[in-house]
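Worksheet for the structure shown next.
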Amino acid sequence: MLNDPTDYNRKIRQDLLVEYQGLKLHTTWGLFSPRAIDDGSRLLLDHLELATTDNCLDLGCGYGVLGLCMAKMAPQGHTLMIDKDFVAVDYAEKNRRLNRIENASSMLSNGFDQVPVQQFDTIVSNIPAKVGKEMLYIYLFDALRYLKPGGSFYIVTITGLRQFFKRGFSEVFGHYEKIKQGKTYTVARGIKP
């Protein structure tokens, strides 16, 4: 039995700190993978290729893991981090400031709906598995629209969705490239013609 339930409640509500590739990232309960960088994000980052001048977008940024790593990889470009969860956007922005990353920004957006039309070199997403096929197709079509010709849309998803994305990328982008398939996650991309 707890002596003081309010004290316990205060302890479990504290921010968590995750460190990855030289970044210190504050996170909290309710955001995706608050205790550690998830294996899918690590796999994506291990296989992500960027030029130092790339302008990037992190779709569904959470507390900023992918976006802030991209900003470090492309210091002469700019990375925009978007999420539909205001708490995630708030933490991504706090983490940007904490790590003194000036070439990134964050904004609230449900998918691409609040993003001004612009052309990105690279878009990445750790695709949620349970948003529905309609939403997944919207992500594919919107990514194609927002990419520069020759730009890449990298995704990491559970391996069970690999066949869906193979078909979806082939329909929308005209091709599908499986970059790495692990036991649990698959990294793939489409390149805008």
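The values are calculated or read from the model by the stated rules, or taken from the named source; none is laboratory data. Keep in mind that what you see is a predicted model, and the values were worked out from it rather than measured. A quick note on method: Cβ atoms are made from the backbone with ideal geometry, for glycine too, and the neighbour counts reach across all protein chains shown.
Laid out as a table, the results:
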| quantity | calculated |
| --- | --- |
| From Glu134, Glu171, residue being modelled with pLDDT of 95 or more, of a type in the set (Asp, Glu), surrounded by fewer than 16 Cβ atoms within 10 Å (Cβ to Cβ) and more than 16 Å from Cys56 (Cβ to Cβ) | Glu171 |
| Neighbours by Cβ (under 6 Å, 6+ apart or cross-chain): first from the range 103-121, free of Cβ contacts under 8 Å to residues at least 60 places away in the same chain; second surrounded by 14 or more Cβ atoms within 10 Å (Cβ to Cβ) and assigned to a strand (DSSP E or B) | Ala104/Thr79; Ser105/Leu80; Ser106/Met81; Met107/Ile82; Ser109/Ile82 |
| Unique match (being at pLDDT below 95 and of a type in the set (Asp, Glu)) among Asp58, Asp113 | Asp113 |
| Among the candidates Ile101, Ile37, Ile82, residue that is modelled with pLDDT under 80 and buried (at least 16 other Cβ atoms within 10 Å of the Cβ) | Ile37 |
| Unique match (being under 21 Å from Ile37 (Cβ atoms) and part of a loop (DSSP other than H, G, I, E, B)) among Ala71, Ala92, Ala129 | Ala129 |
| Close pairs (8 angstrom Cβ cut-off, 6 or more residues apart or separate chains): touching a residue at least 40 places away in the same chain (Cβ under 8 Å) in the range 168-190, among the acidic types (Asp, Glu) and surrounded by fewer than 14 Cβ atoms within 10 Å (Cβ to Cβ) anywhere | Lys180/Asp46 |
| In the range 85-97, the residues that are surrounded by fewer than 21 Cβ atoms within 10 Å (Cβ to Cβ), in contact with a Leu (Cβ under 7 Å, 6 or more places away or on another chain) and over 10 Å from Thr27 (Cα atoms) | Phe86 |
| Qualifying residue in the range 145-159 (condition: touching a residue at least 40 places away in the same chain (Cβ under 8 Å), of a type outside the set (Ser, Thr, Tyr), in contact with a Phe, Trp or Tyr (Cβ under 6 Å, 6 or more places away or on another chain) and over 15 Å from Cys56 (Cα atoms)) | yes |
| Matching residues in the range 147-184 - criterion: being in a loop (DSSP other than H, G, I, E, B) and not charged (D, E, K, R) | Phe173, Gly174, His175, Tyr176, Gly182, Thr184 |
| Filter result for Thr157 (β-branched (Val, Ile, Thr), buried (at least 20 other Cβ atoms within 10 Å of the Cβ) and closer than 17 Å to Asp38 by Cβ) | yes |
